1. Could you work out the local net charge near Val93, counting Lys and Arg as +1, Asp and Glu as -1, over the other residues with Cβ closer than 13 Å to its Cβ?
2. For the stretch 40-93, give the percent of accessible area contributed by carbon and sulfur heavy atoms, probe 1.4 Å, rounded to a whole number.
3. Find the centroid of the Cα atoms in the stretch 79-102 and in the stretch 38-76, then give the distance between the two in whole Å.
4. Take the alpha-carbon positions of the stretch 54-110, form their convex hull, and give its projected area averaged over all directions (one quarter of the hull surface) in nm².
5. Given points 7 Å out from each Cα along the Cα-Cβ axis, report the Ala89 to Val33 separation in nanometres with one decimal.
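The values are calculated or read from the model by the stated rules, or taken from the named source; none is laboratory data. Since the structure is predicted, the reported quantities are computational estimates derived from the model, not experimental observations. Cβ: placed from backbone, ideal geometry, glycine included. Neighbour counts: every protein chain shown. Heads up: the accessible areas ignore ligands, DNA and RNA and are worked out on the full protein's heavy atoms, side chains in. Shrake-Rupley method; radii C 1.70, N 1.55, O 1.52, S 1.80 Å.
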Amino acid sequence: MTVRHVLASDRGSSSVLSAAGLVTITVLAVALVGSHSALAVRSRTAGAADASALAAADALSGLATGAVCDRAAATAKANDVALSACVVAGAEVTVEVSTALGPLVVRARATAGPPLATAPPRGGGP
């Protein structure tokens, strides 16, 4: 058997290579969509944690009515996440929220309170 004879009897290989290429492209597309979905859920959860912490800090400072952790829980629920923890330490509130992404749990934590006394003034230039 010569090399020319082996190459001439190569019928159907382009179909196999085409199918393999389509499977590869499909797997990459599914992985890409899944990773972007995970990033979107993580971002949404972090935003909900920030909003919940700010709502709780408003209640703690007296700017809003209601119990501190109840305000955080209501804000978390409005953002389609669950309040996992709410800790008040002095004038600061730290909250942790969570949501599900398939079988995974995505968590985010945020702290809110009055600005630090050493914070630089806002506005103005050097």
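1. -3
2. 56 percent
3. Rounded to whole Å, the Cα centres lie 7 Å apart.
4. In nm², the orientation-averaged hull projection of the stretch 54-110 is 3.6.
5. In this crude label model, Ala89 to Val33 measures out at 4.3 nm.
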